[in-house]
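The block underneath contains the structure these notes are about, expressed in structure tokens.
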Amino acid sequence: MLLNLCNNAIDAIYARHGSAGGNLGVEAGPTENNMVLIKVTDDGCGVDDDNLKKIFSPFFTTKPVGQGTGLGLSICFGIVTAMGGKMEVDSKPGEGTTFSVQLPMAG
Ligand SMILES: Nc1ncnc2c1ncn2[C@@H]1O[C@H](COP(=O)(O)OP(=O)(O)OP(=O)(O)O)[C@@H](O)[C@H]1O
Ligand SMILES: [Mg+2]
């Protein structure tokens with residue numbers, strides 16, 4: 001799941017900044033309701049509102065044929081939901097994107 005989110009962030013950073021690079025952050029910590037909150041933030045190209053609505057749908061991709069299947073996020077969403085977690089996205093076109101994943105603590 002983290003690899004999927006980080007690979008997407010790297011693509012988005014490349015789309016905005018090219019080989020100059022940008023910022024990718026991963027944070028994790030506990031929440032008040034006994035979940036683990038993981039946030040993956042980038043300052044890449046961002047996602048517009050229309051695409052944001054479709055982002056977790058299977059086969060939704062903006063990448064060229066052969067570069068993206070559009071399955072990464074839908075599979076992550078399915079796994080996180082099946083584990084009793086929550087997955088959300090917040091994005092501003094031209095500024096960046098944050099994916100927040102909440103998972104129940106083990107034990
Ligand atoms: N961090 C991000 N910043 C900007 N756009 C993103 C980000 N993550 C996902 N997207 C957008 O959401 C689309 C769907 O992402 P998803 O990971 O499901 O598929 P994909 O990366 O296109 O292909 P793959 O199946 O190889 O993961 C991407 O094509 C891209 O347009
Ligand atoms: Mg992907």
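No lab work stands behind these numbers, since they all come straight from the coordinates. Nothing here was measured: the structure is a model prediction, and the numbers come from that model. Cβ placement follows ideal geometry from the backbone for every residue including glycine, while neighbour counts extend to all protein chains displayed.
Listed values, structure above:
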| read-out | value |
| --- | --- |
| Number of the condition not met by residue 95 [criteria: (1) in contact with an Asp or Glu (Cβ under 8 Å, 6 or more places away or on another chain); (2) surrounded by 16 or more Cβ atoms within 10 Å (Cβ to Cβ)] | (2) |
| Residues within segment 73-100 that are of a type outside the set (Asp, Glu) and closer than 18 Å to residue 44 by Cβ, tallied | 12 |
| Filtered residue count, segment 30-45, keeping only those that are surrounded by fewer than 15 Cβ atoms within 10 Å (Cβ to Cβ) and out of contact with any strand residue (DSSP E or B) (no Cβ under 6 Å at 6 or more places or on another chain) | 4 |
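Residue by residue, here is whether (1) among the hydroxyl-bearing types (Ser, Thr, Tyr); (2) within 16 Å of ligand 2 (Cβ to nearest atom); (3) loosely packed, with under 13 Cβ neighbours inside 10 Å holds:
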position: 47; (1), (2), (3): no, yes, no
position: 53; (1), (2), (3): no, no, yes
position: 67; (1), (2), (3): no, yes, yes
position: 70; (1), (2), (3): no, yes, no
position: 85; (1), (2), (3): no, no, no
